[in-house]
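The values are calculated or read from the model by the stated rules, or taken from the named source; none is laboratory data. Everything quoted here is computed from the prediction, not taken from an experiment. Note: ideal-geometry Cβ built from the backbone for every residue, glycine included; neighbour counts use all protein chains shown.
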C-alpha cells in the first residue's frame with residue numbers, strides 16, 4: 001500500500017510516545033561470558049548457566065563495584081516515535097549510542113504534533129535547580145491545548161505553502177516546531193542504557209536523584225520495561241545498587 005502524501009493529511013495531535021524493541025542481542029549470559037574470560041578463558045553457555053546463584057552474585061558484584069565493561073557486550077535497537085524536543089535531549093547521550101532519525105531533507109514531514117495529556121503537570125514552581133512541577137488548572141489545560149493546536153496548524157500551513165511554491169524541503173522545514181513528531185532507531189548496550197535511565201527517569205530506588213522532563217522519561221520507562229525482560233539479573237542488580245550505571 002502506498003503512503004499517503006503529507007499534503008493530503010490533516011494535522012493530528014498526540015500525547016503519548018511509542019518505543020518498539022526491533023532487534024537485540026542481549027542476555028545476562030553476555031555479561032557473564034565477558035566477565036569470566038579474564039579468569040577462566042572461553043566458556044560455553046551451558047557452563048555459564050549451570051550455577052544461577054553464582055551468576056546472580058557475579059553480576060551484582062560487577063554492578064556494585066562498578067566494573068562496567070562486561071555490560072557492554074550486548075546490543076538493543078529501539079524504534080522510537082516522539083516529539084523532536086525529546087530527541088534533542090536524547091542526543092546528549094553519545095557514549096555507547098547510535099542514532100538514525102527520519103530526515104526532513106529527504107521526505108515531506110507528516111503533521112503529527114504533541115499536546116500534553118491531562119496527567120502532564122504544567123506549572124513549574126521554584127527557581128532553576130530547585131523547583132517542582134504541579135498540576136495545572138482546567139483553564140491552563142484548555143489554553144495549552146488551544147494555543148498549541150493553533151500554532152501547529154499555522155506552522156504546517158506555512159510549510160505546505162513553501163513546498164507548493166517550490167521551496168526545498170530542507171529550507172521549508174525551518175518553520176516547523178519542536179512539538180512535531182519524529183522517529184528514529186536508537187541502538188545501545190546495557191551499560192549505556194543504564195546511564196540513560198539513571199538520568200532520565202525518577203525512581204524510588206535511585207541513589208542519585210534525577211529530575212527529567214516528563215516526555216523523555218516516558219520513553220525511558222518503555223525502554224526499561226523491555227530491557228528488564230531481556231536481562232533480568234542485570235536489571236535486578238541495577239536496582240539493588242541504586243540505579244547507578246557501572
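Evaluated against (1) surrounded by fewer than 16 Cβ atoms within 10 Å (Cβ to Cβ); (2) touching a helix residue (DSSP H, G or I) at 6+ places or on another chain (Cβ under 8 Å); (3) without any contact (Cβ under 8 Å) to a residue 40 or more places away in the chain; (4) in a loop (DSSP other than H, G, I, E, B), residue 158 falls short on exactly one condition, (4).
Quick check, is residue 138 surrounded by fewer than 18 Cβ atoms within 10 Å (Cβ to Cβ), without any contact (Cβ under 8 Å) to a residue 12 or more places away in the chain and either in contact with a strand residue (DSSP E or B) (Cβ under 6 Å, 6 or more places away or on another chain) or farther than 30 Å from residue 243 by Cβ (or both)? Yes; evaluated as a whole, the condition is true for this residue. For region 11-45, a residue qualifies if it is over 27 Å from the mean Cα position of the chain (by Cα) and at pLDDT 60 or above, and the qualifying residues are 33, 35, 36, 37, 38. Among helices (runs of 4 or more DSSP H) entirely within region 170-246, having at least 3 residues that are within 12 Å of the chain's Cα centre (by Cα) and modelled with pLDDT of 95 or more singles out 190-200, 214-230. May I ask you to verify whether residue 123 is modelled with pLDDT of 95 or more, surrounded by 11 or more Cβ atoms within 10 Å (Cβ to Cβ) and touching a helix residue (DSSP H, G or I) at 6+ places or on another chain (Cβ under 9 Å)? Against the criterion (modelled with pLDDT of 95 or more, surrounded by 11 or more Cβ atoms within 10 Å (Cβ to Cβ) and touching a helix residue (DSSP H, G or I) at 6+ places or on another chain (Cβ under 9 Å)), residue 123 does not qualify.
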